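The values are calculated or read from the model by the stated rules, or taken from the named source; none is laboratory data. All values derive from a computational prediction rather than experimental measurement. FYI the Cβ positions are ideal-geometry reconstructions off the backbone, even for glycines, and counts take in every protein chain you see. The protein model used for the area step is the full one, side chains on, heavy atoms only, and it has no ligands, DNA or RNA in it. Shrake-Rupley method; radii C 1.70, N 1.55, O 1.52, S 1.80 Å.
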Amino acid sequence: MAGWSSFFSRDPVELGKELRRQGDKEKALAAFLKGGEWRLAGEVAWELGRKREAVRLYLEGALGKEIGQSYDDGDPGKAGEILAASGHLEEGLFLLEAGGAHKSAATVALKARMPQRAGVAFERARDYLQAAKCYEQVGRWPDALRVLEAESKRLAEKAALRPGVPDPARREVDARRAEILGRLGRSADAVGLMQSLGQSHRAARMLEEQGRLEEALQLYLDGGEFPEALALVEKIPNLPATTAAEAYRRAGKPGQAARVLAAAGKLLEAAQSFETAGELDLAARHYLAAREPARAAQVLRKEGRLSDAGRAYDQAGQPLEAAEMFAQAGDHVSAGASYLKAGRAFEAANHFLRANEKGAAIQALEKVRDASVEYSKASLMLLPLLVETGRLDLAVDRLRRLRPGSGLAEQERLYWEGRVLEGLGQHQNAQTAYQKLANLQTQYRDVESRLGALTVRNRVAAAGPPGEPGPTVPIDRPKPAPAATPAVPIDGFPPGSLLADRYEIQSELGRGGMGRVYKAFDRELKESVALKTLLRSEGEFASEDEERLLREVQICRRITHPNVVRVYDLGRFPGGIFITMEFLEGARLDQLLQNKRQISLGRVRSILSEIVSGLEEAHTLGIVHRDLKPGNIILTPRHLKILDFGIARMADMDVQLTRTGVAVGSPLYMSPEQVQGQSLDGRSDLYAVGVLAFTLLAGREPFVGTSPTAVMLEHLKTPAPDLRSLRPTAPDEWCRFVARLLAKNAGDRPAS
C-alpha cells in the first residue's frame, strides 16, 4: 500500500522518469500519460515496440486528439514530418530518426540547432561531408575524421572507374582529413597526407605551429619555399651548421652557406661553397686551410692569380703544374725552380735565362743527362754561359762529351770550341776551329773577324818557333798568370776598387770577424752583385774560414730555390778570397724583431712557410744549414731569402769544418744535438725554425741566458716557456706546433 500511496501522491512525470530508469517501462508509460507528458510517453511506447501507439501519442501530445485520431496509419516518418512542419521540431526529429528518414531528420536537427544529432543523421544518410561539418561544429574530431575517411574511400572507388581523370573533390576531402589529423596530434600522418597532395607548404606551417621547426624547415626546402625556410633558419636555436648551410645552398645563397660552414670549422665544405658562389679568393684560402692545395691551385688559376696558383701546386707536390703557372705569371725564377723539381732541367734553364739568372741556368743545364735528347741543345746553351763566366775548364769538359753533329748545331759547336780555345790562350787551335766553321759558313756570327784577328796574332807570334796545332779541345788547361790585384787596404776595399779585373766595389754592406760584404758591379754580366771577402789569417786554423767559404759556394750553387740566396762564383785576391752572390734589396728579419713587438699570425705563417720551403730544397739535397737565425734571413719585396750556408754541412761528406768539441752556430738558435756536437740532420734546422716561430709570436727568444754558455745549457735542459704566458691569444694549434718543433729529442720533432 505504501508503494501505491507514493504512486498517487508524487508528481507523475518525475515518477515516470524514475520508473523508466529502473526499467519498469509499463508503469513509466502510465505515469507519463497521467502527467500529460505525451512526448516521453511516446518514446517509452516506441521502446516497448508499440510503434503505432507511440506515433499516436506524439501526435496527440503535439497537435491535439482530433488530428491524432484522424491520423492512424502509424508511419513515424510521415508523422515526424507533420510535427516538424508544425514547429514541433524535437518531437518530429525523434519520429524521423525512428522511421529511418535520416536526410529529413538531419535537416530538422539543424533547424533545432542540434548539430550532433544532425551529424549522426547525415552519417546514416551517407552524406559524409555534411556529417563532418556537423561533427566539426561540436568538436567531435574523431567522428569527423571517420566520416571523411569514408567519403575519401567512396570517391577513390568512384575514381577507379575513370583512371587518369583528376578528382578535385577527393583532394579537398583529403586536405580536410589532414587538418583534422593535425588537430588530433597525428602530425606524421597529417604531413604525409599533405605531401601526397603536394601541399608541403601547409604541412610545414603545421609543423612550425607545433614547434617542430627543423621538420618544418626541411618541408619548406623540399617545397621550394625558400624565403620561409631562411626565415626559419634564423629562429631555430643550435641548428647544426650543415643543416643551415644546406638551407642557404638550396635557396641559392652558397656564399652564406660557406660562411656558416667556415664558422663551424668545416673548411673543405666551406671552400666548395665559396667556389660555387664565385668567391674564389675565400675558396682558395679555405682549400689551403683544409690541406687541399691542389684544389686551391685550380681556384687560384681560375681567378688569374697564377703565382699563387703556382705556390699552391708546389705545396701539393705537383711541380710541373707549378712551373707552368709561374711561367705564365712571368715569374721565371720560380718557374725554373719548379721545373727542376719536376726533373725538367732543360726547361728550367730556359726560364732561368729569361730571368737573367745565369748561375742557376748553368746548374740546371749541367743536370741534363748525356742520354737525354736535349743534351746537345743544353750543351750549346751551356757553352756561352761557361765562356761568359770564365768557367773554361767546364766548357772544355762539355765539348769533349759533345758529339759532332750537322747543320746549325755543328756550326754552333765549332764556334764555341773556338771561343773556349781562344779563352785558354790556344790561339792556333782556336784558328783551326774557326777555319772549319768558315768553310761551312763564312758569315756565321763574328767568326770572320775573329779568324782575321787570330791570323794576324799568330803571324806576329811567329817570332818564335811556330806551334803545332794541338787537338781541337786540349786535355789540360794551361794556368793563366794571376791578375795583378793590389793588396787589401786595412780598412777594406774603398769604392772604385776592382777585383779580378771584373768586380767594381760600389759600397760596403756589412762586416764581421775576418770578412766583409760589399755591393759590387759585375762588368762582364752588367749587373750588381753582393761580394763577400774573407782575409787569410795566421795560426793553427788559418785556412778553416777559407775552407768554409769555399764550402758555401759548393753548397749554395746546388740549391736553386726562390727562397735561398743564389751564389755565383769564387775568386781570389792577394791576402784572401771572395764569393759573389745575388744582390738583395730588403731588410733582415732581425731588424723586424728589434722593437720586440709581436707579429700577426698571418705574417708569421707567411714568413715560416717561405723559410721551410727553402729548407726543404736544401734538406732534399742532404744539406743542413746549421746557423738559421733572423740575421741570416732577408725580407725582399718578392721573396724571403735564406743566407749564409757557410757553416752548413753536406750529409754525405766527411770533411769536418769545426774543431773537435766546438759547436758552430748561434747559441740562441742552436738545437740540443748541435750544442753537444753530435751529427746533425734537417731536424736540427727545424728546431731553429721552432725558436724563430716562438720569437716571432712572443717577441723574444725562448731562452735568454746571461751568457752563451748559459743559453746553450737551457737548450739542453730547460723546457721552453709556455707560449701563452707571453702571448695569451695564441691559438692551440700554434702552441702545439711550436712545442713540437722545440722538442729536446730530435725524434719527437717532425721528420721533415
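Given the residues Glu448, Glu508, which is the only one that is closer than 30 Å to Gly631 by Cβ, at pLDDT 80 or above and acidic (Asp, Glu)?
It is Glu508.
Answer yes or no as to whether Val711 is modelled with pLDDT under 90 and touching a Gly at 6+ places or on another chain (Cβ under 6 Å). Yes, satisfied.
Quick check on Leu33: is it closer than 25 Å to Gly16 by Cβ, at pLDDT below 75 and out of contact with any Lys or Arg (no Cβ under 6 Å at 6 or more places or on another chain)? Considered against the rule, which asks whether it is closer than 25 Å to Gly16 by Cβ, at pLDDT below 75 and out of contact with any Lys or Arg (no Cβ under 6 Å at 6 or more places or on another chain), Leu33 comes out as no. Taking first residues from region 709-729 that are without any contact (Cβ under 8 Å) to a residue 40 or more places away in the chain and partners that are surrounded by 14 or more Cβ atoms within 10 Å (Cβ to Cβ) and β-branched (Val, Ile, Thr), the Cβ contacts under 9 Å between residues at least 6 apart in sequence or on separate chains come to Leu713/Val675; Ala720/Val691; Ala720/Val738; Leu723/Val738. Looking only at residues of region 400-412 that are part of a helix (DSSP H, G or I) and either on the phi > 0 side of the Ramachandran plot or buried (at least 21 other Cβ atoms within 10 Å of the Cβ) (or both), we find that the one that is modelled with the lowest pLDDT is Gly407.
Scanning region 592-648 for residues that are at pLDDT below 85, closer than 17 Å to Arg700 by Cβ and either out of contact with any helix residue (DSSP H, G or I) (no Cβ under 8 Å at 6 or more places or on another chain) or assigned to a helix (DSSP H, G or I) (or both) returns Leu592, Gln594, Asn595, Lys596, Arg597.
Scanning region 349-391 for residues that are touching a Lys or Arg at 6+ places or on another chain (Cβ under 8 Å), within 19 Å of Ile555 (Cβ to Cβ) and not β-branched (Val, Ile, Thr) gives Phe352, Glu357, Gly359, Ala360, Gln363. Looking at region 518-536, which of the residues that are more than 23 Å from Asp627 (Cα to Cα) and assigned to a loop (DSSP other than H, G, I, E, B) is modelled with the highest pLDDT? Ranking the candidates gives Arg523 first. How about region 107-134: which of its residues are more than 13 Å from Leu96 (Cα to Cα) and among the hydroxyl-bearing types (Ser, Thr, Tyr)? Within region 107-134, Tyr128 is the sole residue that qualifies.
If you take the residues in region 323-347 that are touching a residue at least 24 places away in the same chain (Cβ under 8 Å) and over 18 Å from Val564 (Cα atoms), which one is surrounded by the most Cβ atoms within 10 Å (Cβ to Cβ)? Per the criteria, the residue is Met325. Which of the residues belonging to region 289-308 are within 14 Å of the chain's Cα centre (by Cα) and either surrounded by 24 or more Cβ atoms within 10 Å (Cβ to Cβ) or of a type in the set (Gly, Ala, Ser) (or both)? Listed by number, the residues that qualify are Ala289, Ala290, Ala294, Ala296, Ala297, Val299, Leu300.
Rundown of residues vs (1) in contact with a helix residue (DSSP H, G or I) (Cβ under 9 Å, 6 or more places away or on another chain); (2) more than 20 Å from Arg39 (Cα to Cα); (3) modelled with pLDDT of 75 or more, yes/no style:
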site	(1), (2), (3)
Asp72	yes, no, no
Ile82	yes, no, no
Ala85	yes, no, no
Glu90	yes, no, yes
Leu95	yes, no, no
Gly100	yes, no, yes
Ala105	yes, no, yes
Ala125	yes, yes, yes
Leu129	yes, yes, yes
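In region 152-171, the residues that are of a type in the set (A, V, I, L, M) and part of a helix (DSSP H, G or I) form Cβ pairs under 8 Å with partners that are modelled with pLDDT under 80 and open to solvent by less than 100 Å² (accessible area, probe 1.4 Å), at six or more places apart or across chains, as follows: Leu155/Asp167; Ala159/Val165; Ala159/Asp167.
Counting the residues of region 142-159 that are more than 15 Å from Ala131 (Cα to Cα) and open to solvent by 80 Å² or more (accessible area, probe 1.4 Å) gives 3. If you go through region 709-744 and keep only what is open to solvent by 80 Å² or more (accessible area, probe 1.4 Å) and over 33 Å from the mean Cα position of the chain (by Cα), you end up with Thr709, Leu713, Lys717, Pro719. Summed over region 364-380, residues that are closer than 17 Å to Val333 by Cβ and surrounded by fewer than 22 Cβ atoms within 10 Å (Cβ to Cβ) total 1. Are any of the residues in region 672-681 open to solvent by less than 60 Å² (accessible area, probe 1.4 Å), assigned to a helix (DSSP H, G or I), closer than 30 Å to Ala289 by Cβ and at pLDDT 90 or above? No.
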